[in-house]
Amino acid sequence: MTSAAFPAAVLFDLDGTLLDSAPDFVATANRMREARQMPPVAPEQLRPVVSKGSRAMLEVAFPQMAESERHALIPEFLDIYESLIGQYARLFDGIEPMLEALEQAGARWGIVTNKPEYLARLIVPQLGWEQRCAVLIGGDTLAERKPHPLPLQVAAQRIGMAVTSCVYVGDDERDIVAARAAGMPSVAALWGYRLDDDDPATWEANRICTLPHELCQPAAWPTVYRASV
């Protein structure tokens with residue numbers, strides 16, 4: 001039976017929310033730069049744009065290139081990333097206790113990410129989440145991706161919950177935009193990846209949390225309507 005204090009279900013973004021995947025992406029970008037006789041890019045340069053996707057990371061890694069040239073590098077970027085996925089990435093501190101708190105309360109949880117689904121599905125078994133993660137929606141699973149609400153709506157449907165019974169947690173503005181469009185309460189995760197001029201206070205999330213440990217406490221979660229579809 002789900003505790004009345006926690007949401008019945010929680011959906012999470014992956015990169016920058018559950019997983020500190022920036023080290024994997026830095027290694028990917030630097031392997032590409034090394035192949036072109038270029039010096040490494042500094043981790044602190046790439047880290048803020050990880051949640052923006054491969055195009056944004058390639059823009060940082062190869063600022064001298066035209067956009068069309070960088071776009072042509074996306075398959076290479078994804079292939080290299082696939083070859084080393086999870087080698088350097090780690091869960092953010094406090095994620096595992098938070099997930100355990102949700103599970104102990106009877107809540108279900110899943111992942112809605114803009115990462116291609118095949119890559120996200122490589123990560124889940126590395127973390128031992130095959131039986132724990134109730135649903136996984138990738139950026140190419142459906143016809144739309146975040147900030148469109150469809151991925152969140154379908155994820156809720158697949159676990160048999162109304163969108164108003166779920167909470168979405170993400171570190172990027174498009175996560176909160178998607179949740180709001182879906183009618184799903186949201187939490188902005190400040191421990192993730194952000195540009196200096198990103199202001200989460202303007203995203204209109206229902207809650208803002210600085211650290212994952214805060215979400216071990218029921219009071220940190222937005223109030224939701226608990227119902228199944």
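The values are calculated or read from the model by the stated rules, or taken from the named source; none is laboratory data. Everything numeric here is computed off the predicted structure, so don't read it as measured data. All Cβ positions, even for glycine, are placed from backbone atoms using ideal geometry, and neighbour counts span all protein chains on display. Ligands, DNA and RNA are excluded from the accessible area calculation, which covers all protein heavy atoms including side chains. Shrake-Rupley method; radii C 1.70, N 1.55, O 1.52, S 1.80 Å.
Here are a few things to note about the model shown:
- Each Lys or Arg adds one and each Asp or Glu subtracts one; over the other residues with Cβ under 10 Å from the Cβ of Trp203, this totals -4.
- Near Glu117, once Lys and Arg are set to +1 and Asp and Glu to -1 for all other residues with Cβ below 11 Å from its Cβ, the sum equals +2.
- Between amide H atoms placed 1.01 Å from N, distances below 5 Å from Phe12 occur with Gly110, Ile111, Val112, Val169, all of them 5 or more places distant or on a separate chain.
- Summarising the strand pairing of the chain, around 15 percent of its internal DSSP beta bridges are antiparallel.
- Additional length obtainable on full extension of the chain from Ala66 to Gln87, 0.36 nm per residue less Cα span: 4.5 nm
- Sites Ala5 and Gln126 - FRET efficiency at Förster radius 30 Å, r taken between beta-carbons, to 0.05: 0.45
- Taking all Cα pairs closer than 8 Å and separated by 6 or more residues, the relative contact order of segment 21-84 comes to 36 percent.
- Solvent exposure of the chain, expressed per residue, is 45 Å² of accessible area, with all protein chains present and a 1.4 angstrom probe.
- For segment 154-162, putting each phi into the Karplus relation 6.51 cos²θ - 1.76 cosθ + 1.60 with θ = phi - 60° gives couplings of 5, 4, 4, 4, 5, 9, x, 10, 6 Hz, in residue order, rounded to whole numbers and with x for Gly and Pro.
- Working note: Karplus 6.51/-1.76/1.60 with θ = phi - 60° gives segment 24-37 the couplings 5, 6, 4, 4, 5, 4, 6, 5, 5, 5, 4, 5, 10, 6 Hz, where Gly and Pro are set to x.
- Filtered chymotrypsin sites (Phe, Trp or Tyr not before Pro), segment 66-172: DSSP coil and at most 15 other beta carbons within 10 Å: Tyr88
- Rg/Rh for segment 43-103, where both radii come from Cα atoms and Rh is the Kirkwood radius: 1.12
- Restricting segment 1-52 to trypsin sites (Lys or Arg not before Pro) in coil, as DSSP defines it, with at most 13 other Cβ within 10 Å: Arg36
- Ligands, DNA and RNA left out, the accessible area of the chain computed with a 1.4 Å probe is 51% carbon and sulfur.
- Summary of packing: across the peptides 214-221, 134-141, the per-residue average of other C-beta atoms within 10 Å ranks them, highest first, as 134-141, 214-221.
- Zone residues, segment 69-89, relative to Arg31, backbone N less than 20 Å from point 7 Å out along Cα-to-Cβ: 70-89
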